[in-house]
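J.: Sharing a structure below in structure tokens format, with a few things to ask.
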Amino acid sequence: MISAPFDYVRANTLDEALALLAQNEDAKILAGGHSLIPAMKLRLAMPPLLVDIGRIKDLSYIREDHGQIQIGAMTTHYQIESSDLLKKICPLLPECAGHIGDVQVRNKGTIGGSVAHSDPSGDWPAAIIALNAELVAVSKNGERLVKADDFFVDLMTTALEAGEILREIRINKSNDRTGQAYAKMHHPASGFAVVGVAANLTLDRNGGCEKASIGITGVSSKAYRALAVESALTGSALDEQKIANAAAHAADGVDINGDLFASEDYRRHLAQVFTKRAIAAATERAG
Amino acid sequence: MAAKYVGKRIKRTEDPRLIKGLAHYVDDVRLPDTLHVAFVRSIYAHARITSIDVTEALKAPGVVAVYTGKDIATTVGPVPCAAALPDLKIPDYRVLATGKALFVGHPIAAVVATDRYLARDAADLISVDYEELPVAVDVEASAKGGPVIHEQFGSNIAYTLTSGEGDIEAALKSADHIVTQRMVHQRLAPVAMEGRGVLARYFPGEEELTLWSSTQIPHLMRTQVALMIGLPENKLRVITPEVGGGFGSKLNVYAEEALLAWISIQLGKPVKWIESRRENMQATIHGRAQVGTVEVGCKNDGTITGLRYNVVADLGAYHQLLTPAIPTLTGLMLSGAYRIPAIQMNVTGVFTNKMSTDAYRGAGRPEATYVVERAMDIVAAELKIDPVEVRRKNFPAKTEFPFHTATGLDYDSGDYEAALDKALNLSGYAKLRAEQAKARAAGKLIGIGMSSYVEICALGPSQAMPAGGWESATVRIEPTGTVTVLTGASPHGQGQETSFAQIAADELGVDLNAVTVIHGDTAIVQYGIGTFGSRATAVGGTAVLIAIQKLKEKAAKIAAHVLRCEASSLAFEGGRYSRPSAAAASAVSEPDVAVGEAPAGALPEPDTEGRSTLTIQEIALIAHIAKELPPDTEPGLSATYFFEPKNFTFPFGTHICVVEIDKETGETKFLRYVAVDDCGKVINPLLVDGQIHGGIVQAIGQALYEEVVYDEQGQLVTGELMDYALPKASQMPWFELDRTETPSPVNPLGVKGVGEAGTIGATPAVVNAIVDALSPYGVKHLDMPARPEAVWKLITG
Ligand SMILES: Cc1cc2nc3c(=O)[nH]c(=O)nc-3n(C[C@H](O)[C@H](O)[C@H](O)COP(=O)(O)OP(=O)(O)OC[C@H]3O[C@@H](n4cnc5c(N)ncnc54)[C@H](O)[C@@H]3O)c2cc1C
């Protein structure tokens, strides 16, 4: 398990990192290294240059600014899991973080790395979609905002362009009638999501479902928004039957992965079960 | 023996260095000028190697040499198989593939370079041309026909063997019911945390070679590697530094060991190879891999009349050290904990295009226990009687030991009902069943499973072993009074540095800290067999005990001489010999030479004038100074003993497990896990609990998670720990442990062995619980691992 040879530079500033990326087309950003290094050891990835952004100041933070939650790309899973602020204003994030890997992984891996990697079984993409997050991409030419729905393009492919670094994740704060939940089946070997469903619901003043936002990972080549589930939920009060009916659409219209652990049929079924569970838990928390 | 230490929960003296990261594994041994080896391994399961081009690799930076099959074909002997079975087909297993590659991971070329990274990079520059051949993957199909792996044998069948006693046909005919079940014992990977590793250093001047290897059997390896590379055995030294787990996977002699030894001789430099996890999954032995059908005859009241097991064993492409012998252990243990008048096993060993199978924790016994314990539950279900009662009905009574089985064994001692009853009490079995009924009525899937196992340990009498079943020990008391124990067993994590010290300290009446246990260096330790088959304490520990008894005979003679009395009249207590008159007066007032109290740089002169007592440590000093010895007495104080056991030992116990199955997902969750194990006399309860814990974890791994999967092309699908599901602490239940203690009459310590019990006993308890949980759906059996999808399918029909 020895990687191919590569060069390594520790960038001191974002500009320096961007410049290095601009000069070296095949260079890769090194964040927590917990997806990239394993891939390199298997020689699935053989970047000639790693640009380490781990020591750049001000890429790791969790803050609230005018009703917006801002999370720096280098914030670790553990920092999110243990954030009292997030537990209060966006509990889906700490809950989701707690499902990632083990303690070591959570201490090294970053939200930015995970989102930029877009592993089809990674946990963050489901939450990012369910929270309607916006992602701040920066390059030599400046910054641009990408909506979560546009960010995950395909298997391990995102809207980030060559030379771009994901700098920040932004989430609008929700109101107090919002309930969130993450439900996951862990792969027994890797710990990644066989299925992971993030639900973010807002009820109206009568207890009806005003807004539903459901992100699902593990099921297909990339995380996706379960539009059919959302529309089946919106507009009426949520009871067990209503939730089950909506959840039945969890995998509508997606190409479902099948593997040794979970066939296509079983995964479809799991998507429905975990969607139901996530929605039920979110509904309860919203009420 | 005054038990100051034996029987106590003493913390492992090994642990501090392990916990602090101060232990030395093979990779921690760093020698100047070391060259590093990387392997090119077959990417196909079955292919003719039409050409190998190494030119680019030889030009790569740091590369010193590249070796392929043609270099070693006539210079390095084949990988050895020590198993002897009638008409066994033994293919020629060269250390690098010659002509054909027979499994994914089969070594084809070895690149030697000045560092590990350059070696690995250069390996990518070697181009191998293959002509792919049809593969034999499925073991049952390969037994019947299809592509033949070793053409010279005409088929893939390596051997067939029938074992057992009694008239099986008559026994089945006399039954009121016959139950039949096909069972798959899936292929498992041992996955020791430290993979294999070899460092070979040739001394051209001395013409000697030292081989550091992460192995369970340093002496057997020395003999085998010496033969393979044609070096006189006394010119080869094998050192086993710390070993990070073996589980049977290092009870072997591998191609890499002999090859590195040979390369070091060629190049006159140290060469090292440290296995990667991927290599570990591909090219370290696997375990289990049997597919069989059991037939059990029973009377209406549950009495078993006979058992037949027809099985094909997936051997892989070649024989490693014990590959074909493992299924024969299954045959030996098919009587389980029961009186079964007639037993027959018909086994067919089959070559497939996969890595060899061999001994993995339990080695053949888990398969037998699984067959028998699943069968007991199937009989119980067929007869609609409680699984407890079927078991109880067929147990031999404790007065029937030694108990002869129809597999040809004589179980040494046992009280199976006592362990069963203890487990029933501890679990609250009756209450559990009541709760289960309630939960079922509420639509929950709760299952209760049990397993009453017997296993075979302390391998074993030499008659039953391929290369000696004894074990050796040398015990010395050094001039300053410290005690050195050299054991031929080569513990690798089990804790014998602690438990053998406990035995020695008690027997010698010295402080535990005064004893050091040394193992794993063939230049220091007398020949030994090794640690496997839960034998180290029963056989090796006994050797320590008897060596000490021999040493004490001599010490007593010296004591008698110095104290001027008859040796037979001496009392020995608390490490002190006393003259008859002095024994009662107690010896506390006597000065003694305590360990470490001699002034720096000076060996104390024992002052023996007018003494009525002497410590054994003082006697050691007298024996070394050799001025006051009785006539015709050899100086020094040491003794060596090679212990040959008369029989195996047979630990047993009952495990009970309660699971809940998630109806929607098929996931299994543990509610309880109770284990009552009897491993004979317990030297250190902490070590025994640790062995039971680890054993159960690996058993649960087999029941729920683990499977080495090769696809139809013979590609290894589970090549990494991302895919191969090792059990994790977070998935484990709380273990509620208890024990009974039935001494073994086979050795003076009364110990049986515990290294594999958990792995043997627990798997069927878990599967029985799952099947019990699913019984409302008419489920009678389910193959392992019980993946959620498989369970879900049984629920949804
Ligand atoms: C044993 C183990 C178990 C795991 N279990 C889980 C799990 O259960 N769930 C889960 O979701 N994940 C799991 N992971 C993955 C883990 O969460 C990773 O940390 C994460 O996927 C990647 O984050 P990282 O910071 O380590 O990124 P890296 O590995 O450093 O980078 C990943 C990729 O993203 C790029 N990149 C990183 N940061 C940026 C950036 N700011 N801008 C642009 N590109 C960037 C890199 O160039 C690289 O291509 C596990 C990993 C391991 C080793």
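The values are calculated or read from the model by the stated rules, or taken from the named source; none is laboratory data. In this text, all values refer to a predicted model and were calculated from it rather than measured experimentally. Please note: Cβ atoms are built from the backbone with ideal geometry, for glycine as well, and neighbour counts cover all protein chains shown. The area values use the complete protein model at the heavy-atom level, side chains included, leaving out ligands, DNA and RNA. Shrake-Rupley method; radii C 1.70, N 1.55, O 1.52, S 1.80 Å.
J.: Going by the structure shown, is B:Val539 at pLDDT 95 or above and closer than 24 Å to B:Thr474 by Cβ?
T.: Taking the combined requirement at face value, the residue satisfies it.
J.: When you go through A:Asp84, A:Asp123, A:Asp65, A:Asp119 one by one, which is the residue that is among the charged types (D, E, K, R) and within 27 Å of A:Thr13 (Cβ to Cβ)?
T.: Details: A:Asp84 fails: within 27 Å of A:Thr13 (Cβ to Cβ); A:Asp123 fails: within 27 Å of A:Thr13 (Cβ to Cβ); A:Asp119 fails: within 27 Å of A:Thr13 (Cβ to Cβ).
Exactly one residue qualifies, and that residue is A:Asp65.
J.: Name, by its number, the condition in (1) more than 30 Å from B:Leu409 (Cα to Cα); (2) crowded, with 19+ Cβ neighbours inside 10 Å; (3) not small (Gly, Ala, Ser) that does not hold for B:Glu233.
T.: So B:Glu233 meets the others, but not (2).
J.: Still on this structure, please answer the following. Note down all Cβ pairs under 8 Å where the first residue falls in segment B:403-422 and is more than 13 Å from B:Phe652 (Cα to Cα), the second is part of a helix (DSSP H, G or I) and open to solvent by 10 Å² or more (accessible area, probe 1.4 Å), and they're at least six residues apart or on different chains.
T.: The qualifying pairs are B:Thr407/B:Leu332; B:Gly408/B:Leu332; B:Leu409/B:Leu332.
J.: Shifting gears a bit: Give me a count of the residues in segment B:259-282 that are within 14 Å of chain A (Cβ to nearest Cβ), within 30 Å of B:Glu207 (Cα to Cα) and not basic (Lys, Arg). Even if it seems obvious, please write down each step before you answer.
T.: Residues of segment B:259-282 that are within 14 Å of chain A (Cβ to nearest Cβ), as a first pass: B:272-282.
From what is left, the residues that are within 30 Å of B:Glu207 (Cα to Cα) are B:272-275.
Next, only the ones that are not basic (Lys, Arg) stay: B:273-275.
Here the count works out to 3.
J.: If I filter segment A:169-185 down to residues being within 16 Å of the ligand (Cβ to nearest atom) and crowded, with 20+ Cβ neighbours inside 10 Å, which single residue comes out as nearest to A:Val136 (Cα to Cα)? So that I can check it myself, show each step before the final result.
T.: Within segment A:169-185, the first condition is being within 16 Å of the ligand (Cβ to nearest atom), and the residues that meet it are A:169-170, A:182-185.
So of that shortlist, the ones also crowded, with 20+ Cβ neighbours inside 10 Å come out as A:169, A:182-185.
Working: A:Ile169: 6, A:Tyr182: 24, A:Ala183: 27, A:Lys184: 27, A:Met185: 30 Å.
Filtering segment A:169-185 for residues that are within 16 Å of the ligand (Cβ to nearest atom) and crowded, with 20+ Cβ neighbours inside 10 Å, the one nearest to A:Val136 (Cα to Cα) comes out as A:Ile169.
J.: Do you know which residues across segment B:707-722 are facing another protein chain (nearest Cβ under 9 Å) and open to solvent by less than 30 Å² (accessible area, probe 1.4 Å)? Talk me through it step by step, then tell me what you get.
T.: Filtering segment B:707-722 down to residues facing another protein chain (nearest Cβ under 9 Å) leaves B:707, B:709, B:717-718, B:720-722.
Answer for segment B:707-722, where residues must be facing another protein chain (nearest Cβ under 9 Å) and open to solvent by less than 30 Å² (accessible area, probe 1.4 Å): B:Val709, B:Thr718.
J.: Would you pick out the residues in segment A:187-204 that are open to solvent by 10 Å² or more (accessible area, probe 1.4 Å), away from the ligand (no atom under 12 Å from the Cβ) and not polar (S, T, N, Q)?
T.: Selection gives A:Leu203, A:Asp204.
J.: Considering only residues that are out of contact with any His (no Cβ under 8 Å at 6 or more places or on another chain), near the ligand (Cβ under 10 Å from one of its atoms) and within 14 Å of chain B (Cβ to nearest Cβ), which ones fall in segment A:99-119?
T.: Passing the criteria: A:Asp102, A:Gln104, A:Asp119.
J.: Pick from B:Ser142, B:Ser127, B:Ser155: which is farther than 20 Å from B:Gly316 by Cα and of a type in the set (S, T, N, Q)?
T.: On the way: B:Ser142 fails: farther than 20 Å from B:Gly316 by Cα; B:Ser155 fails: farther than 20 Å from B:Gly316 by Cα.
When all the criteria are applied, what remains is B:Ser127.
J.: Okay, moving on. A:Thr234 passes all but one of (1) farther than 25 Å from A:Ser35 by Cβ; (2) buried (at least 24 other Cβ atoms within 10 Å of the Cβ); (3) away from chain B (no Cβ under 13 Å); which number fails?
T.: All conditions pass for A:Thr234, except number (2).
J.: Given the options A:Leu85, A:Leu59, A:Leu42, name the one that is out of contact with any helix residue (DSSP H, G or I) (no Cβ under 6 Å at 6 or more places or on another chain), farther than 14 Å from A:Ala4 by Cβ and away from the ligand (no atom under 11 Å from the Cβ). Steps first, please.
T.: Numbers: A:Leu59 fails: away from the ligand (no atom under 11 Å from the Cβ); A:Leu42 fails: farther than 14 Å from A:Ala4 by Cβ.
Sole residue among the options that is out of contact with any helix residue (DSSP H, G or I) (no Cβ under 6 Å at 6 or more places or on another chain), farther than 14 Å from A:Ala4 by Cβ and away from the ligand (no atom under 11 Å from the Cβ): A:Leu85.
J.: Could you look through segment B:728-743, keep only residues that are in a loop (DSSP other than H, G, I, E, B) and open to solvent by less than 50 Å² (accessible area, probe 1.4 Å), and pick out the one that is nearest to the other protein chains (Cβ to nearest Cβ)? Give the steps one after another, and end with the answer.
T.: If we filter segment B:728-743 for residues that are in a loop (DSSP other than H, G, I, E, B), which is where we start, we get B:728, B:732-735, B:740-743.
Those still in the list that are open to solvent by less than 50 Å² (accessible area, probe 1.4 Å) too: B:732-733, B:735, B:740, B:742.
Values: B:Met732: 12, B:Pro733: 15, B:Phe735: 20, B:Thr740: 34, B:Thr742: 37 Å.
My answer is B:Met732.
J.: Within segment B:204-213, is there a residue that is at positive phi and either open to solvent by 50 Å² or more (accessible area, probe 1.4 Å) or touching a helix residue (DSSP H, G or I) at 6+ places or on another chain (Cβ under 8 Å) (or both)?
T.: Let us first name the residues in segment B:204-213 that are at positive phi, namely B:207.
With either open to solvent by 50 Å² or more (accessible area, probe 1.4 Å) or touching a helix residue (DSSP H, G or I) at 6+ places or on another chain (Cβ under 8 Å) (or both) added as a condition, the list becomes B:207.
Scanning segment B:204-213, I find at least one residue that is at positive phi and either open to solvent by 50 Å² or more (accessible area, probe 1.4 Å) or touching a helix residue (DSSP H, G or I) at 6+ places or on another chain (Cβ under 8 Å) (or both), so the answer is yes.
J.: Among the listed residues B:Gly714, B:Gly758, which satisfies the condition of being modelled with pLDDT of 95 or more and part of a helix (DSSP H, G or I)? Break it down into steps so the answer makes sense when it comes.
T.: Numbers: B:Gly714 fails: part of a helix (DSSP H, G or I).
Going through B:Gly714, B:Gly758 in turn, the sole match is B:Gly758.
J.: Further question on the same structure: Scanning for something basic (Lys, Arg) and open to solvent by less than 80 Å² (accessible area, probe 1.4 Å), does segment B:55-68 turn up at least one residue?
T.: Kept after step one, since they are basic (Lys, Arg), are these residues of segment B:55-68: B:59.
Filter again for open to solvent by less than 80 Å² (accessible area, probe 1.4 Å), leaving none.
Within segment B:55-68 (the criterion being basic (Lys, Arg) and open to solvent by less than 80 Å² (accessible area, probe 1.4 Å)), the answer is no, since none of the residues qualifies.
J.: Next question, about the same structure. Checking the conditions here, which among B:Gly695, B:Gly690 is open to solvent by less than 30 Å² (accessible area, probe 1.4 Å) and touching a residue at least 12 places away in the same chain (Cβ under 8 Å)?
T.: Working: B:Gly690 fails: open to solvent by less than 30 Å² (accessible area, probe 1.4 Å).
Checking each option against the conditions leaves just B:Gly695.
J.: Given the structure, is B:Ala725 within 14 Å of chain A (Cβ to nearest Cβ) and under 30 Å from B:Thr352 (Cα atoms)?
T.: Values: within 14 Å of chain A (Cβ to nearest Cβ): yes; under 30 Å from B:Thr352 (Cα atoms): yes.
So B:Ala725 fits the description; yes.
J.: Could you grab me the full set of residues in segment A:21-39 that are away from the ligand (no atom under 12 Å from the Cβ) and farther than 28 Å from B:Ala123 by Cβ?
T.: The answer is A:Ala22, A:Gln23.
J.: Within segment A:249-267, how many residues turn out to be farther than 15 Å from A:Ser121 by Cα, open to solvent by 20 Å² or more (accessible area, probe 1.4 Å) and within 13 Å of chain B (Cβ to nearest Cβ)?
T.: Result for segment A:249-267: 1.
J.: Can I ask one more? Would you check which residues across segment A:145-191 are basic (Lys, Arg), under 20 Å from A:His117 (Cα atoms) and more than 14 Å from every other protein chain (Cβ to nearest Cβ) and list them? So that I can check it myself, show each step before the final result.
T.: From segment A:145-191, those basic (Lys, Arg) are A:147, A:167, A:170, A:173, A:177, A:184; that's our starting set.
Add one more test, that the residue is under 20 Å from A:His117 (Cα atoms), and what stays is A:147, A:167, A:170, A:184.
Answer for segment A:145-191, where residues must be basic (Lys, Arg), under 20 Å from A:His117 (Cα atoms) and more than 14 Å from every other protein chain (Cβ to nearest Cβ): A:Lys147, A:Arg167, A:Arg170.
J.: Considering segment B:132-145 alone, what residues qualify as being open to solvent by 60 Å² or more (accessible area, probe 1.4 Å) and either touching a Cys at 6+ places or on another chain (Cβ under 7 Å) or closer than 21 Å to B:Val311 by Cα (or both)? Step through it out loud before you land on a result.
T.: Pass one, segment B:132-145, residues open to solvent by 60 Å² or more (accessible area, probe 1.4 Å): B:132, B:134, B:138, B:144.
Residues satisfying the conditions are B:Asp138, B:Lys144.
J.: Failed condition for A:Ile243, given (1) within 14 Å of chain B (Cβ to nearest Cβ); (2) farther than 22 Å from A:Gly287 by Cα, with all others met?
T.: The number of the failed condition is (2).
J.: Against the condition within 11 Å of the ligand (Cβ to nearest atom) and in contact with a Lys or Arg (Cβ under 9 Å, 6 or more places away or on another chain), how does A:Ala126 come out, does it pass?
T.: Numbers: within 11 Å of the ligand (Cβ to nearest atom): yes; in contact with a Lys or Arg (Cβ under 9 Å, 6 or more places away or on another chain): yes.
Yes: the conditions hold for A:Ala126.
J.: Moving to a separate point now. Among all residue pairs at least 6 apart or on different chains, which show Cβ distances below 6 Å where the first residue, located in segment B:121-135, is more than 15 Å from B:His36 (Cβ to Cβ) and touching a residue at least 12 places away in the same chain (Cβ under 8 Å) and the second is surrounded by fewer than 18 Cβ atoms within 10 Å (Cβ to Cβ) and of a type outside the set (Lys, Arg)?
T.: What qualifies is B:Leu125/B:Glu56; B:Ser127/B:Asp53; B:Asp129/B:Thr50; B:Asp129/B:Ser51; B:Glu131/B:Thr50; B:Pro134/B:Pro147.
J.: Being β-branched (Val, Ile, Thr) and within 27 Å of B:Ile217 (Cβ to Cβ): is that true of B:Val139 here? If you could, list the steps in order and put the result at the bottom.
T.: Working: β-branched (Val, Ile, Thr): yes; within 27 Å of B:Ile217 (Cβ to Cβ): no.
No, not satisfied.
J.: Name the single residue that is farthest from the ligand (Cβ to nearest atom) among those in segment A:62-74 being in contact (Cβ under 8 Å) with a residue 40 or more places away in the chain and hydrophobic (A, V, I, L, M, F, W, C).
T.: Narrowing segment A:62-74 to residues in contact (Cβ under 8 Å) with a residue 40 or more places away in the chain: A:64, A:67-74.
From what is left, the residues that are hydrophobic (A, V, I, L, M, F, W, C) are A:69, A:71, A:73-74.
Working: A:Ile69: 17, A:Ile71: 11, A:Ala73: 4, A:Met74: 7 Å.
Of everything passing the filter in segment A:62-74, A:Ile69 is farthest from the ligand (Cβ to nearest atom).
J.: What is the number of the single condition among (1) open to solvent by less than 60 Å² (accessible area, probe 1.4 Å); (2) within 15 Å of B:Val271 (Cβ to Cβ); (3) within 32 Å of the chain's Cα centre (by Cα) that B:Arg94 does not meet?
T.: (2)
J.: Answer yes or no as to whether A:Ala148 is within 13 Å of the ligand (Cβ to nearest atom), touching a strand residue (DSSP E or B) at 6+ places or on another chain (Cβ under 8 Å) and closer than 23 Å to A:Asp65 by Cα.
T.: no
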